[in-house]
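Take a look at the structure below.
The values are calculated or read from the model by the stated rules, or taken from the named source; none is laboratory data. Here the structure is a predicted model, which is why all the values come from computation and not from measurement. Note that we place each Cβ from the backbone using ideal geometry, even for glycine, and neighbour counts take in every protein chain shown.
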Amino acid sequence: MITTIHPVTREDAIQLAVKSPLHELLAAATELRAQGKGTVITFSKKVFIPLTTLCRDYCSYCTFRKDPGQPGAHFMTPEEVLALAERGRAAGCKEALFSLGDQPEKIFPEAREFLRAQGYSRTLDYLAAICELVLERTGLLPHANPGVMDHAALENLKNSNASVGLMLENVSPRLMRDGLPHAKAPDKFPSLRLRTIEEAGKLSMAFTTGILIGIRETMEERIDSLFAIRALHEKYGHIQEVIIQNFRAKPEIPMAAHPEPSLEDMLRTIAVARLILGMHMNIQAPPNLSYDDFPRLLEAGINDWGGISPVTRDFINPEAAWPQIAHLRAETESRGFSLRERLALYPEFVHRDEFLSPRVHGRVVEVAGPDGFARDAANAARI
C-alpha cells in the first residue's frame, strides 16, 4: 500500500510513476481525490468556437492549424461567431470556448488583412472584442484559449472572460529541437507559456492549463511540468484546472506513425498528477480521447470531464466525438459518483470577486447556484 506525505517531492513522484504497482497508485490517487472532492465529478456544457484555424506554429501532432488556402483555413466573422454562440445558448450551454491559432498575423498577410478590415492589428485584440460581443449578446461565459498572451492581452480578456487557458504541454525545451514536435513552433517555448500563466496569476484570472503526454517526452519531463504548474499555483492560487491530455495519432500529421500512450500510461500519469497537485486541484482528462475506455479515467483520480458540447464537435480532435451527456452521466453514476454541471469558472472561484470583472460577475450571479455550480445543473446533466 502506498503511503505518501503530501505534497510529494519530485523524487517521490518519479518513483511512484515508474515503480509502483498500478492498483496501489490508483488507490492512493482516488483516496486523495475523495478527501478533497468527495464523489462529485463535473463537466461544463459548452459551445466550441474555432475563431481562426490560421496559426504560425507547426506542431507535429496538430490537425487544427491551417495555412491560408488550405481546406478549413478560416477567420470567423462576428456574425458567424454570434450565430454559433446562439446555437449554443439555445441548447443550454453556458460556456463559449474560444480556441484559435497562435498569432497568425505575424506570418500571414491574409490574417493581417482580415484583422485590418475588422479594425484590429492583433488576433488577441480581435478575440477580446468578440468575447465581449458574445457575453453581451448571448450571456454565454467566454473561456479563451488563444495561445501565448502578454499582460495587456490578459488584462483586456479579463473584462469578458470567466476564465482563460493555455496548455503548458511540457516544460522541457528539449522538445523544441530539430525533429521533435515543437521544432517549428515558436510559441511553444516553455518560458513563454510559463510567463503567460504567471501573468494571469498576477491579474487574478482563473486559469486552465495542463500537459500533453505521448509527444516524445520522458516521464521525468511530465513530472517536471506538473511541478512547474504546482509552483505557480502555490504562488498565485489561480489555477482552477489541470488537464492531462493524451496524444492521438492522425493520418495527416507528421507524427502519424508515432505510438500513442497506452491506457495504463495515461492512468499512471493522471494518478501521479493527483498526488503532486493535491486533493483540492481540479484534474481533468478528456473522455473523448479515451474512447470506450473513458470511464476508467475515474480510477486515476480525475474529478472533471471538461467541456462537453451538444452543438459542436471537438475541432482539435475531430475524429473523436464527445460522449453524449446522458451517457457520461450513466457511466459516471454507475461507479458511485454524481455528475454536476459547472460553469467556465469552477465553483471555488465563483464567490471570489477579485477573479471577475463587474460585467462577468453580473452574468455569473445569474447562472450560478449558491454552491457555485450551474444553477440548473440537475436538469442539464440529464439532457
Looking only at the stretch 81-105, which residues are out of contact with any helix residue (DSSP H, G or I) (no Cβ under 9 Å at 6 or more places or on another chain) and of a type outside the set (Ser, Thr, Tyr)?
-> Ala83, Leu84, Arg87, Ala90, Ala91, Leu97
Search the stretch 57-100 for residues being within 18 Å of Tyr126 (Cβ to Cβ) and touching a Gly at 6+ places or on another chain (Cβ under 7 Å), and hand back the single one that is surrounded by the most Cβ atoms within 10 Å (Cβ to Cβ).
-> Ala96
Among the residues of the stretch 238-274, which ones are out of contact with any Asp or Glu (no Cβ under 8 Å at 6 or more places or on another chain), aliphatic (A, V, I, L, M) and more than 16 Å from Glu220 (Cα to Cα)?
-> Ile239, Val242, Ile243, Ile253, Met255, Ala256, Ala257
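When the stretch 35-51 is examined, which residues are found to be outside any strand (DSSP E or B) and in contact (Cβ under 8 Å) with a residue 60 or more places away in the chain? I'd like the intermediate steps shown before the answer.
Applying the first criterion (outside any strand (DSSP E or B)) to the stretch 35-51 yields 35-39.
Listed by number, the residues that qualify are Gln35, Gly36, Lys37, Thr39.
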Hey, which of the helices (runs of 4 or more DSSP H) in the stretch 91-179, taking only ones fully inside, have at least 2 residues that are more than 19 Å from Leu194 (Cα to Cα) and of a type in the set (A, V, I, L, M, F, W, C)?
-> 109-118, 123-138
Please name all residue pairs, on different chains or six or more residues apart, with Cβ atoms under 8 Å, provided the first residue is in the stretch 348-375 and is at negative phi and the second residue is of a type in the set (A, V, I, L, M, F, W, C) and at pLDDT below 95.
-> Gly369/Ala377; Ala374/Ala380
Are there any pairs with C-beta distances below 7 angstrom linking a residue in the stretch 70-94 that is more than 24 Å from Phe373 (Cβ to Cβ) and at pLDDT below 95 to a residue that is surrounded by 14 or more Cβ atoms within 10 Å (Cβ to Cβ) and of a type outside the set (A, V, I, L, M, F, W, C), with the two at least 6 apart or on different chains, and if so which?
-> Gly72/Thr53; Gly72/Lys66
Which number in (1) under 19 Å from the mean Cα position of the chain (by Cα); (2) not in a loop (DSSP other than H, G, I, E, B) marks the one condition that Cys62 misses?
-> (2)
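Yes/no per residue for (1) surrounded by 15 or more Cβ atoms within 10 Å (Cβ to Cβ); (2) modelled with pLDDT of 95 or more; (3) within 28 Å of Ala249 (Cα to Cα); (4) touching a Phe, Trp or Tyr at 6+ places or on another chain (Cβ under 9 Å):
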site	(1), (2), (3), (4)
Ala300	yes, yes, yes, no
Pro318	no, no, yes, yes
Val367	yes, yes, no, no
Arg375	yes, no, no, no
Show the residue pairs that are 6+ apart or on different chains and have beta-carbon atoms under 6 Å apart, the first residue being within the stretch 198-220 and farther than 19 Å from Ala249 by Cβ, the second being hydroxyl-bearing (Ser, Thr, Tyr) and surrounded by fewer than 22 Cβ atoms within 10 Å (Cβ to Cβ).
-> Gly201/Tyr236
Only one of (1) free of Cβ contacts under 8 Å to residues at least 24 places away in the same chain; (2) assigned to a strand (DSSP E or B); (3) not basic (Lys, Arg) is not met by Glu234, so which one is it?
-> (2)
If we keep only residues of the stretch 286-317 that are touching a strand residue (DSSP E or B) at 6+ places or on another chain (Cβ under 8 Å) and of a type in the set (S, T, N, Q), then the residue farthest from Phe373 (Cα to Cα) is Ser290
Taking into account only those residues within the stretch 195-217 that are under 17 Å from Ile270 (Cβ atoms) and part of a loop (DSSP other than H, G, I, E, B), which is farthest from the chain's Cα centre (by Cα)?
-> Glu217
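Can you tell me which residue in the stretch 13-33 is surrounded by the fewest Cβ atoms within 10 Å (Cβ to Cβ), limited to those that are free of Cβ contacts under 8 Å to residues at least 12 places away in the same chain and in a helix (DSSP H, G or I)? First the steps, then the outcome.
Initial filter on the stretch 13-33 (free of Cβ contacts under 8 Å to residues at least 12 places away in the same chain): 15, 19, 21, 23, 31.
With in a helix (DSSP H, G or I) added as a condition, the list becomes 15, 19, 23, 31.
Working: Gln15: 12, Lys19: 8, His23: 10, Glu31: 13.
Out of the qualifying residues, it is Lys19.
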